[in-house]
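Asks: Shown below is the structure under consideration.
The values are calculated or read from the model by the stated rules, or taken from the named source; none is laboratory data. Quick caveat: nothing in here was measured; it's all calculated off a predicted structure. Here the Cβ is made from the backbone with ideal geometry for all residues, glycine too, and neighbour counts use every protein chain on show.
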Amino acid sequence: MKPIKRNILLNPGPATTSDEVKWALVVPDICPREKEFCDLMDGIKQDLPRVVNGGDDYTAVLFASSGTGGVEAAITSAVPKNGKLLIVENGAYGTRMKQIAVCYQIPFTAYTLPYGDFPDVNQIKRMLEEDIGITHIAIVDHETTTGMRNPVAEVCKLAQSKQIEVIVDCMSSYAGLPVDLRVWQAEYIISSSNKCIQGMAGLSFVIFKKNLLGKIKNNARSFYFDLYAQHEGFHQTGQMQFTPPVQVVYALRKALDLFFEETMEGRIRRYRNNYEILYKGLENLGFEFLLPDQYQSGILLAIKEPCNPEYNFTTMHDYFYERGFTIYPGKGAKEATFRLSVLGDLYAEDIRLFLLQMKNYLDVSGIQKVAY
Ligand SMILES: Cc1ncc(COP(=O)(O)O)c(C=O)c1O
């Protein structure tokens, strides 16, 4: 296996991948209608729920799309014509769920907070009590905008007490943070191939309760992103309805194998360790963070932008990019931030190298001491 130039991506996905995953893309050409490929897809479909303790109650459906496609599939397939969605919006990905609802004219109400505020489950409870038309709650687990872990377990518990279904965007938590469907019992969760599972971009997937299949049969508002049709098509033919990104599927197979080899505990531990090194290193350099510690997901930091006149995100980005590190701008959080994430095939030495470069950057840029 030839080594490939390794860039350290500190943006929250598409993440740094291993050489094994990169090389898994290089396969003999194959028509995705062949049994060999259908068997590969079937194995992936079985394994995706296993990552989150899905058990026999859950099934998975894949789409050739970025993660947003999966969210769109879940929302547009789950909410019936006479249903109503309550969307928890405390970051850009909550807002995106709202945009999907607007686009498809799905009735919704939003619990809107500044990006970086923690949702109050009692407020959600009040909203459900005041509007008995609400049938579904949509919430982001790890709000990648800010690094906040939302109170999904509590929301699921509340929803279950009221027979309301929950759709959870687990884009940047699946396979990187503890997500246990045995505990949540969420009806739908969504993620993609290129974040904590450490595969290549190009596939989204929805993991949902099998017993919902009858319910969603005639719900779809989208042709391509029809969860029921995609599930049934696969069940009957072993194929995706429309052309899959063949090589990306092979890379996802490899990524899943590597995940099970590392184990869930191992991956969480590695990410956590990376995070703690990053957190302490940045703190020592004088940086401050957007969120209080108790709300931090532990895999992404939204860092307050310094007030030094020498500070400029683009200049800092370019400095790091030239040295093989990719850093990420903020996304509308309640205070100006830039973001660094530790998800992907990253290790303690990568984070230490980054911190050394950050120290150098502060010196050469003239910032020296971070000011707020
Ligand atoms: C929480 C969350 N939801 C949705 C998305 C959208 O995914 P994509 O850009 O792959 O469509 C992202 C992307 O970063 C995300 O972090």
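Asks: For Pro12, which of the numbered conditions (1) assigned by TED's automatic domain parsing to the domain that holds His231; (2) closer than 30 Å to Arg221 by Cβ fails to hold?
Replies: Of everything listed in (1) assigned by TED's automatic domain parsing to the domain that holds His231; (2) closer than 30 Å to Arg221 by Cβ, Pro12 misses just condition (1).
Asks: Counting just the residues of segment 187-215 that are more than 16 Å from the ligand (Cβ to nearest atom) and surrounded by fewer than 21 Cβ atoms within 10 Å (Cβ to Cβ), which one comes out nearest to Val140 (Cα to Cα)? Let's see the steps before the verdict.
Replies: Our first condition is that a residue be more than 16 Å from the ligand (Cβ to nearest atom); within segment 187-215, this holds for 187, 208-215.
Next, only the ones that are surrounded by fewer than 21 Cβ atoms within 10 Å (Cβ to Cβ) stay: 209-215.
On the way: Lys209: 18, Lys210: 22, Asn211: 23, Leu212: 21, Leu213: 23, Gly214: 26, Lys215: 23 Å.
The qualifying residue nearest to Val140 (Cα to Cα) is Lys209.
Asks: Look at Gln46 and say whether it is surrounded by fewer than 17 Cβ atoms within 10 Å (Cβ to Cβ), within 16 Å of the ligand (Cβ to nearest atom), polar (S, T, N, Q) and not in a loop (DSSP other than H, G, I, E, B). Working first, answer last.
Replies: Details: surrounded by fewer than 17 Cβ atoms within 10 Å (Cβ to Cβ): yes; within 16 Å of the ligand (Cβ to nearest atom): no; polar (S, T, N, Q): yes; not in a loop (DSSP other than H, G, I, E, B): yes.
Taking the combined requirement at face value, the residue does not satisfy it.
To keep it simple, each residue is scored yes or no on (1) out of contact with any strand residue (DSSP E or B) (no Cβ under 9 Å at 6 or more places or on another chain); (2) without any contact (Cβ under 8 Å) to a residue 12 or more places away in the chain.
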{"site": "Gln198", "(1), (2)": "no, no"}
{"site": "Leu212", "(1), (2)": "no, no"}
{"site": "Asn218", "(1), (2)": "yes, yes"}
{"site": "Leu227", "(1), (2)": "no, no"}
{"site": "Phe234", "(1), (2)": "no, no"}
{"site": "Thr237", "(1), (2)": "yes, no"}
{"site": "Val249", "(1), (2)": "no, no"}
{"site": "Glu261", "(1), (2)": "yes, yes"}
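Asks: How do the pairs read when you match residues in segment 98-120 that are assigned by TED's automatic domain parsing to the domain that holds Thr68 and within 24 Å of Lys334 (Cα to Cα) with residues anywhere that are acidic (Asp, Glu) and outside any loop (DSSP other than H, G, I, E, B), using Cβ under 8 Å and keeping only pairs 6 or more apart or on different chains?
Replies: Within 8 Å, the pairs are Lys98/Glu89; Ile100/Glu72; Ala110/Glu89; Tyr111/Glu89; Thr112/Glu89; Leu113/Glu89; Tyr115/Glu143.
Asks: Yes or no: Ile139 on the phi < 0 side of the Ramachandran plot, of a type in the set (A, V, I, L, M), away from the ligand (no atom under 16 Å from the Cβ) and modelled with pLDDT of 95 or more?
Replies: On the way: on the phi < 0 side of the Ramachandran plot: yes; of a type in the set (A, V, I, L, M): yes; away from the ligand (no atom under 16 Å from the Cβ): no; modelled with pLDDT of 95 or more: yes.
No; evaluated as a whole, the condition is false for this residue.
Asks: Kindly indicate whether any position in segment 68-84 is free of Cβ contacts under 8 Å to residues at least 60 places away in the same chain and either within 30 Å of Leu301 (Cα to Cα) or small (Gly, Ala, Ser) (or both).
Replies: Step one: list which residues in segment 68-84 are free of Cβ contacts under 8 Å to residues at least 60 places away in the same chain, which gives 82-84.
If we keep only those that are either within 30 Å of Leu301 (Cα to Cα) or small (Gly, Ala, Ser) (or both) too, we end up with 83.
The answer is yes; a qualifying residue exists.
Asks: Right, something else. Tell me which helices (runs of 4 or more DSSP H) are completely within segment 199-283 and hold 2 or more residues being among the hydroxyl-bearing types (Ser, Thr, Tyr) and either under 29 Å from Val79 (Cβ atoms) or under 18 Å from the mean Cα position of the chain (by Cα) (or both), or say none if there are none. Before you say what the answer is, go through the steps one by one.
Replies: Details: elements: 213-216, 227-237, 246-262.
Helices (runs of 4 or more DSSP H) meeting the threshold: 227-237.
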